[in-house]
Every structure is written in C-alpha cells, then in structure tokens.
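Everything on this sheet refers to the single structure shown next.
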Amino acid sequence: MISTSARKLAGRRTFLAGAGAATFAGAFGFPAIAQARPIPVGAVLPFSGGLELFGEQARIGLDLARAEINARGGILGRPVEMLYRDSRTDPKTAAERARELIQRDDAIAIAGEILSSSREAMAPIMDGLKTPLLYATNYEGANDQGGGCGRYLFFFNTVPNQDTAPLIPWLNAQGKGNRYYMFGQNYVWPRNMFKAAKPMITQVGGSVVAEEYTAGDEKDFVPVIRKIADSGAQILLFALPGAPGITFIKQAEEFGLLRRVTIAFLGFSETYLGAFGEGKGENMVAGVPFVASDPDAGVRDFVARVRAMHGASTGVSHYVFAHYNALMALKGGIERSGEVSREGAVNGMTGLTLATATGNMTITPDHHLAMQMYIARTEAGQLRVVDKLGVIAPQSGCRV
C-alpha cells in the first residue's frame with residue numbers, strides 16, 4: 001500500500017504532468033482549442049484503499065493520451081479534460097463517483113475501474129445513463145448472467161483466451177509440469193479466472209491438485225505456502241493482486257517455494273517489478289498484451305514518451321498502455337462518427353481499428369479488443385518477452 005507521503009508525491013507528479021502537457025500542447029501551436037469548450041472525460045480509479053499502484057499506472061496512460069490529443073488539436077477541435085475521482089478500491093464508491101461524473105460533470109465517458117466488482121457496480125449506471133465505460137484492466141470475461149457485456153461497455157485489455165489459454169500450453173511445452181495449485185483472492189476476478197483455466201489445464205492433460213482463496217488481508221502466508229510446497233504441485237496459478245500478492249511472493253521466496261514451483265502470475269505487469277527485492281521474484285511467467293522492455297521500435301517510442309512526461313524512472317506497464325489506448329479509442333470513435341456525444345462515441349468505437357505501440361488493434365462487435373499477445377517472464381529485475389503470440393481475437397462470452 002502506498003503511504004500518505006507517496007500519495008502526495010503522486011499528486012505532485014500529476015500536477016507537473018498537467019503543466020507539462022500544457023507546454024507540450026503549446027509547442028504544437030494549437031491555440032484555437034484553448035478557446036473551445038472542453039470535452040469532459042471521467043476516470044474512476046483506486047488512488048487509495050490498496051490498489052493505488054494500478055490507479056496511478058492508469059492515470060499515467062490517460063494523462064499521456066490527453067496531452068497528445070490536445071497537442072494535436074483535440075477531438076474535432078475541442079480539448080479533452082480529464083476528471084479524476086478516487087474509488088477508494090470500493091465498488092459502492094466507484095458507482096457513486098461514476099454517477100456524479102455523468103450527471104453533475106457531464107462526462108462523455110468514464111475510464112475505469114480496476115476491480116471487476118467495481119466494474120459490475122458501475123455497469124448498470126453506465127447503461128441507465130447511456131454513457132460508455134472504458135474498462136482497460138484484464139478481466140475474466142462474461143459471467144453466467146451476462147455480466148461484462150453491453151452497448152455501453154468497452155474493454156481494452158485481455159480476457160482468458162488471450163492471456164491464460166496460451167500460457168498453459170506454453171508451460172506444458174516448456175516441461176514445467178502439469179499439476180496445478182490455484183491460489184487467489186476471494187472475489188470475482190480470481191474465481192472466474194480459475195473457472196476458465198480448469199478446462200484449459202485438462203486439455204493439456206493436467207490436473208488441479210487444490211484450489212484455495214484468501215481474504216487478501218493476511219500478513220502471514222507461510223501456512224498456505226507450506227501447503228503448496230507439500231501438495232506436489234509443479235505450477236502455482238496465482239491471482240492475488242496488489243500489496244497482498246507482493247507480500248505472498250516475498251514470503252514464498254524466503255521459504256524457497258520459487259525453486260520448487262513455477263508461478264504463473266495472472267495479471268502480472270511491470271507494476272510489481274522491484275517490489276520483491278533485488279534478485280527476487282525471478283522466472284515468474286504471465287500472458288500479457290504489452291512488455292515495456294520489448295525492443296520493438298513502437299514499444300520503445302511509447303515508453304520514451306511516457307518517461308519524457310512523467311520521469312525517466314517511471315514504470316510502464318500494460319495498465320499504462322491499455323488506458324492510453326482507451327482514451328485514443330474514444331477520440332477515434334468520436335471522430336469516426338463526427339459527433340461529440342455519448343452515442344456518437346459508442347457508434348464510432350464499435351469496429352474501430354486503432355494504431356498502437358504494438359501494432360493495429362480492432363474493437364470487435366462485442367466491444368473487446370483483438371490484440372497482439374506475449375508470453376513474458378521475470379528476469380534480472382525486468383519483465384521480458386519470451387514468446388510473441390501474434391494477434392489473438394477475444395472470446396469474451398458476450399452475445400452480439
């Protein structure tokens with residue numbers, strides 16, 4: 001969890017980023033948009049409550065997109081204004097903030113949240129107020145009740161067939177074993193990710209030796225680490241995000257678990273790098289849509305632009321990448337429809353092809369993203385690409 005002083009520093013970085021964006025825009029010579037009425041875009045993200053790292057990464061991506069859009073003349077001649085609200089990592093608060101942004105601040109769209117439970121709390125509001133939600137976090141796809149689908153919901157990160165389905169056969173092919181222990185936090189995303197993973201494991205001849213959930217507020221994970229070590233599992237399918245996940249990996253490292261099992265870390269990103277200690281947390285693997293260390297020219301350019309705005313030491317994860325793409329897609333959708341309105345944004349984004357740092361992506365009819373995917377591994381304090389999978393179309397479970 002980020003301290004009060006760190007949050008103050010983050011707030012200062014945001015202020016400086018805004019000032020930098022204004023300078024950046026001025027350098028491109030578009031004074032006319034300063035006189036135009038801004039297009040308000042809301043963002044409901046966790047800046048407190050335990051998932052601050054992810055909220056700040058999302059803000060970095062959105063800030064860069066806003067700055068670049070405004071530097072190039074805005075959207076149909078109007079500047080973008082970002083309106084940030086803290087969800088406090090709480091679904092009820094997230095829903096309240098979304099409603100306020102739409103009804104009081106006239107936001108044309110809302111970016112966020114991080115938690116699946118918060119997204120589900122926000123979804124009825126977005127539908128009722130006919131406002132697009134730009135959800136840029138990897139998630140579990142549609143649930144049995146159809147959650148995760150709708151005219152006003154757009155998804156800019158991965159679903160299980162894109163990140164987990166390629167990872168399991170890759171582990172099998174690499175000889176990492178086929179006995180899995182599933183351990184995650186007890187909420188929507190881990191449970192549904194494990195549910196999706198089970199038939200994938202069976203398909204490669206594997207088995208699940210145990211499935212266990214935690215409240216996520218423990219300080220001592222050694223008892224469960226010992227159970228995993230004694231279970232005979234060869235791969236730990238891990239879905240414990242944020243500070244609890246960092247604590248678990250640190251204690252697992254000290255116990256020696258990482259020498260016995262391969263950790264397949266669902267939702268892993270560069271956000272975690274450095275949190276485990278020097279030389280720790282090595283050889284964990286994940287399926288991801290972006291890797292900052294990728295030598296590809298488009299990725300190098302994107303990372304350089306982020307760091308030029310936010311500082312040379314800024315971590316750049318797929319949360320930065322996906323939230324940047326979400327705001328760029330909103331711009332593309334509005335310009336494609338020719339109408340600065342919520343319905344114009346929805347109509348224009350559906351079917352949109354978006355140029356990104358990793359190549360072209362397409363928003364599918366069910367409002368998910370066909371995108372380039374990678375298998376990546378933690379090595380020498382970085383996340384590195386070990387396999388480029390090509391573009392994978394989403395299988396969201398939504399009916400269109």
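Every number here is computed from the coordinates shown, using simple stated rules; none is lab data. Computed from a predicted structure; not experimentally measured. Every residue, glycine as well, gets a Cβ built from its backbone with ideal geometry; the counts of neighbours run over all protein chains shown.
What lysines does residue 176 reach when the alpha-carbon gap must be under 27 Å and sequence neighbours fewer than 8 apart in one chain are set aside?
195, 198, 227, 250, 280, 388
Using only alpha carbon pairs under 8 Å that are at least six residues apart, calculate the relative contact order of region 101-183 and give it in whole percent.
23 percent
I'd like to know which of 356, 239, 249 lies farthest towards the positive end of the charge dipole of the chain, counting +1 on Cβ of Lys and Arg and -1 on Cβ of Asp and Glu.
It is 356, whose Cα lies furthest towards the positive end.
When only Cα pairs under 8 Å and 6 or more residues apart are kept, what is the percent relative contact order across the chain? Present the calculation step by step, with values, prior to reporting the outcome.
Details: 826 pairs, mean separation 68.0, N = 400.
Computed over the chain, the figure is 17 percent.
Any chance you could run the full-extension gain for residue 37 through residue 100? It's 0.36 nm times the residue separation minus the Cα-Cα distance, nm to one decimal.
20.7 nm
Working from Cα positions, state the angle (0 to 90°, nearest 10) between the long axis of helix 242-255 and the longest principal axis of the chain.
In the chain, helix 242-255 runs at an angle near 30 degrees to the longest axis.
Report which label in (i) 127; (ii) 183; (iii) 163 holds the value of volume of the Cα convex hull per residue in Å³ derived from the coordinates of this structure.
For volume of the Cα convex hull per residue in Å³, the calculated option is (i).
Relative to the longest principal axis of the C-alpha atoms of the chain, give the angle of the C-alpha long axis of helix 188-203, reported between 0 and 90° and rounded to the nearest 10°.
Helix 188-203 sits roughly 50 degrees off the main axis of the chain.
Please give the helix 318-337 orientation as an angle from the longest Cα principal axis of the chain, in degrees from 0 to 90, rounded to the nearest 10.
40 degrees
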